[in-house]
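Data first, discussion second: the structure below is written as structure tokens.
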């Protein structure tokens, strides 16, 4: 097992990793930008290194400085968290080359899954269900038109290197396809430096379902059930839950088996998430694989009792999976709310000093956050400042618990999305589980 | 179901009950003394009533004022928490007589179990194992001598109305018995207003094991496994865990069955705890039944997923048990540390202003507390200010998690028992589970 | 980098400007512990009573505590110099949203129990007392019903009823102010 | 009782008594430990109560503690009648664990990267510079090794090396202060 791990991240996920390391008896090194010198994640670590100024490109994404920090502190491994360098195949490769273990999949895994069109192709060739559409990159407008006619309109054009909604275009009829194709290519090139695009059938009001997988170096793979992440605003998840209200044991087994086969197809290692679309008839289609720990991993931990960060570390250290698929049981129901430092109506960022911070507690309530009274939310990074997670015997109890926990949560001095979460949890459709990825836009339009 | 409940308590347990009520959609009324006007439990409730000055006898134990508060706020039921009026049979009876539901067992249950000698007798007559000793109250020194000779020395004399170590005398040989008998009687009379005493065999280094039971009004009874509460100082529990490191499935079934039969023998209702002694050969002996929710109830909640306060409320409202014995599963391991506002070495109370309060968080950590930055620990009541509870897949993980959570917990301005807890959790014997009720005194003597 | 190692700061040093007239006579404390406690008491009072502003002036010492929606201000000032003719305007703090400001020298009758307040012995009967009435020590002022029992509340003093602070038939808490009596008034 | 209903106070109205001798002879410039503690008490009061502003005024000394979202301000000012010869003592706070107090007018050379600090090009070689040396802008002061590469750190100014702040062969952070240079010194 590792003796010392550098945590190449900040905020709640850095603290989350540090906590797991402490429980495993592993020393930790925090890195931080100048803007984060007083942050809780820095104080929680055994050692700390300042790696640059506030701008992430010069600090948390600064590969030379991060690796120098790892070298001068003599760590065995680096945990990248999510975002920043976590899906950077080059970084993973350099780590491997200098003998520092990258806690995550192989650099080949990251590179292959980072090319969304390629990933679709590999999975489809295994005979697994992918969203209907083009296989591989579209070479031309003609290619696009042919593919679109095959699956029928509407279609969505996506960047092969894409993410976060950039480089996407929904096309409703053939005559709009040419212009949309060119626009998507141009946006993909300017955003990702790669003009590759592909297209898929565009589903109306689908659910976003993802499956957590674990794989050891011997190729043994298990899954820990699904997460329903349909509550999104502009492709940004806001609320996640497990189990999904629409997935029964049979469908869970089916989708789980496909997820396991999909990652086996690419000799995937460590922890990953396979994303699916679920249509109204409960058909599911592979979309992509996320090669990092997900923000919403805690809800899976709550129902399975399995500490995913510890599993990541153990697997990276070369241990084999000791949990067999039949040992995995899902107890009760868990939901996560992402609390962002944003105006809950206009969604404008709301950085600033937190004058009072008091997190909810008691049975079935978990808070993952690096905030505290007197902390400052700096404007340079992601606006998510806390994850509020509840667990209950069933969905109803998890929801009731979330509502009382949202009422207890005090974050003064800045605006947060807590009022929006209250609105979501008060909604009758949400309470019944009748949601899709269109739910939040519809709620906001009311 | 009740529409409104008055919580006749303060601090963490009042907040605990208020949280459960909120999750059930029940309105709450907090009562408070003048010293607690600014307390979190008061702010968390929907309504509040001041019931007297700081002294508990004039406020929280002031039956006329508490009942008047219940009447003027038109509540359906009263939750007594633990301590104060929770084991006062008269109070339960008056509640019943004026049509306000007492959330707990019947007044007869409380009265019978309050007489420890009587409870022993009833249970022994059912053929269940009780600690060897006298049955019923000892009438005279001769009675005592006869009983002691029958079971052999050492013996312990206890008050029938006893609790908290008062009115107890350990006697090692016959010639000391007479004086000890008289001293115990005198102390029992002055402390409890009742000179009744009985005697039992005195076990050296036993474990304190208790079993959580639930009973509905139809007489259906289930148990939720045991709690090992062997870490005590002067009969005050400091650390509790479940499952016990020395109890296997077979012993759990046996002791659980005895616990269920013991409470069935007295037509027990609602939630209760059956206390046992476990000797070094793993023989167990009934000691008594606690007719209230216990301080340490959260660890049972953590491993079973069952919310005991909600069950109390549901059962008091006349609902029947929906959980069958075979539905009860114990997942993982849970431990509780009672954090007291006390000097960790001298155990002198340390009331005062909490200048900074920051509770630990993350996976597997639960904090039940009504404290916050700026709160004042008043000297009038119990010194327990927080319960730190961890859950893990196994005992080792629960311990590792507790150690990191103890390190994260910040309570500035007053002294707390956190350093003592660190010492306990660092101890090799404790880590191996080799403890008895003598453990803490031995640790402190080192 | 060692644990707790401080990080470099590129920021401008924060200037802390110390006052000229800040003398160091050891005995001259700005606020004693007791006074800090008193300001806290004032803030608590403000909060408990849900007031907007609370001001206390005494011998040239002025303390002002203000609370606006979302913002709060506390001012403590001493305009000293002329303590001579200055009347100490010590205002007794008032209980829960009740008596008016001007309660200096008045006696507050509070409820010794929790219950329901009644101004008259029965619905049809006249009230025991009205504002402006003169009462004797021991005279019944009202009834508080608790546990189906009618508890008569008596005056602790001779004097004039300045204000009746509770409404008949309404629930009251322990310690709630019921009457303000001016003991210096004479019939 | 309705929610947020304020609780009654049964106690005697708490008189807030400030001492008559709440005054001082202004002579000294600096805060005593006791007074600093008192300002801390005021700040604590402010923070604990989540206030925006707290002001204390006495004998021409006014303390105002204000707290707004995103910024903190502590103002201690004296509008004393006789500010004459009195100089306000301004102390720059120093960056965490780095340069000493007396850095006015000095240039601090910091590390632009994370790595290992070396004062000489090789273990046997002389150090690039010593304290007291005069250096030219662009002159190499040291090496920071990162990713197996030796990065030469140059002086940003002409001047004299007042202090070398890092130890050779030890790890350094981004932004860590390495040298203090007096640019006004002349050889």
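Only the coordinates and a few stated rules stand behind these numbers; no lab work does. These figures come from a predicted structure and were not determined experimentally. So basically every Cβ, Gly included, is an ideal-geometry build from the backbone, and we count neighbours across all protein chains shown.
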One decimal, nm, nearest first: from residue B:127 to the same residue in each other copy, label points 7 Å out along Cα→Cβ, the values are 6.3
In whole Å, largest first, what are the principal axis extents of the Cα atoms in chain A?
58, 52, 45
Please figure out what share of the DSSP beta bridges in chain B is antiparallel and state it in percent, rounded to the nearest 5.
80
Springs between alpha-carbon pairs under 10 angstrom, Gaussian network model over chain A: which of A:367, A:274, A:17 fluctuates most?
A:367
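Could you line up B:384, D:147, B:371 from fewest to most neighbouring Cβ atoms inside 10 Å?
Values: B:384 20, D:147 16, B:371 23.
If I rank by nearby Cβ atoms, fewest first, I get D:147, B:384, B:371.
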Run the quick spin-label model on residue A:345 and residue B:186: label points 7 Å from Cα toward the beta carbon, then report their separation in nm to one decimal.
7.5
With the crude spin-label approximation of a point 7 Å out along Cα→Cβ, what separation in nm comes out for residue A:153 versus residue B:412?
6.5
Report Rg (one decimal) and Dmax (nearest whole number) for region A:84-139, counting Cα atoms only, units Å.
14.0, 42
List the distances, in nm to one decimal, from the label point of residue B:43 to the label points of the same position in every other copy, shortest first, placing each label point 7 Å from Cα along the Cα-to-Cβ direction.
2.1
Can you list the copy-to-copy distances for residue B:444, using a point 7 angstrom from Cα toward Cβ, in nanometres, shortest first?
5.9
Candidates B:319, B:275, B:241, ranked by Gaussian network fluctuation over chain B, Cα under 10 Å, top entry:
B:319
How do A:186-193, B:242-249 rank on mean C-beta neighbours within 10 Å, highest first?
B:242-249, A:186-193
Expressed as a whole-number percentage, the relative contact order of region A:52-171 with C-alpha contacts under 8 angstrom and at least six residues apart is 15
Top mean-square fluctuation among B:29, B:170, B:66, Gaussian network model of chain B, C-alpha springs under 10 Å?
B:170
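Across peptide C:115-123, what mean number of C-beta atoms from other chains lies inside 10 Å of a residue's C-beta?
Details: counts 7, 3, 1, 0, 0, 0, 0, 0, 0.
What the average comes to for C:115-123 is 1.
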Averaged over peptide A:38-48, how many Cβ atoms belonging to another chain are found within 10 Å of each residue's Cβ?
3
Highest-first arrangement of A:223-229, B:177-183, where packing means the average Cβ count within 10 Å
A:223-229, B:177-183
Net length gained if the chain between residue A:429 and residue A:248 were fully extended (0.36 nm per residue, minus Cα distance)
63.2 nm
Angstrom value of the Kirkwood radius, inverse mean 1/r, which spans all Cα pairs in region A:202-324
14.6
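Sorting B:432, C:163, A:116, A:48 on the 10 Å Cβ count, fewest up front, what's the list?
Values: B:432 10, C:163 19, A:116 22, A:48 29.
Ascending number of Cβ neighbours within 10 Å: B:432, C:163, A:116, A:48.
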Given the rule -39500 (n - 2.57) for each run of at least 4 DSSP H residues, summed and divided by the residues of chain A, what is its mean residue ellipticity at 222 nm, to the nearest 500 deg cm²/dmol?
-10000 deg cm²/dmol
Cα gyration tensor, region B:324-446 - rounded (a/c under 1.5), prolate or oblate:
oblate
Sequence ranges D:131-137, B:41-47, A:264-270, B:196-202, ranked by mean other-Cβ count within 10 angstrom, highest first:
B:196-202, B:41-47, A:264-270, D:131-137
Semi-axes (Å, rounded, descending) of the ellipsoid equivalent to region A:29-147 per its C-alpha gyration tensor are 38, 16, 12
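Taking each residue of C:141-153 in turn, how many C-beta atoms of other protein chains fall within 10 Å of its C-beta, and what is the average? Present the calculation step by step, with values, prior to reporting the outcome.
On the way: counts 0, 0, 0, 1, 3, 7, 8, 4, 2, 0, 2, 0, 0.
Mean shielding by partner chains, rounded to a whole number: 2.
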